[in-house]
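**Student:** Got a structure for you, questions after.
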Amino acid sequence: MIADMILSDGLTLDARRRFLEQASVNIERLAGRSIPQLVIDCSIIERVDDPVIGMLTVIARSAERRGLRVQLYMPSLHLRQSLDTLGVTDMFDTRLL
């Protein structure tokens with residue numbers, strides 16, 4: 001699996017802003033391609049906080065507006081449960097392997 005982006009632990013406010021900016025660049029780059037998805041590798045994180053979930057949701061909405069889906073590659077159980085609890089699981093494709 002080749003990821004377009006890699007999500008890491010402990011993102012500060014500035015790091016989340018940079019991640020969002022890079023996601024926007026990638027969404028524009030991928031829009032109109034034959035495989036309409038942005039892949040975010042989540043394999044190196046175990047736990048996420050609400051701001052990161054919010055950031056991922058913003059990315060998913062932005063991607064959807066451009067005809068893309070966001071695929072979360074190897075999301076932790078905690079991340080999957082957090083998405084489910086917040087009712088946003090259907091905004092993402094998840095791949096465990």
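**Student:** Which three extents, in angstrom, do the Cα atoms of segment 41-83 have along their principal axes, listed largest first?
**Tutor:** 29, 19, 15
**Student:** At 7 Å along Cα-to-Cβ for each site, give me the label-to-label distance between residue 84 and residue 57 in nm.
**Tutor:** Taking the two extended label points, one gets 1.8 nm.
**Student:** Further question on the same structure: Along the Cα→Cβ direction, 7 angstrom out, place labels at residue 49 and residue 34. What is the inter-label distance in nm?
**Tutor:** Roughly 4.3 nm, to one decimal.
**Student:** When N counts the residues of the chain, how does its alpha-carbon radius of gyration compare numerically with 2.2 N^0.38 Å, as a ratio?
**Tutor:** Normalised by 2.2 N^0.38 Å, the Cα Rg of the chain equals 0.98.
**Student:** List the residues, sorted by chain then number, that are 5 or more residues from residue 70 or on another chain and whose placed amide H is less than 5 Å from its amide H.
**Tutor:** HN-HN under 5 Å from residue 70: 38, 93.
Each value in this text was obtained by applying a stated rule to the coordinates, not by laboratory testing. What you see is a predicted model; the values in this text were computed from it and never measured. Don't worry about glycine lacking a Cβ; one is built from the backbone with ideal geometry, like all the others, and counts go over all protein chains shown.
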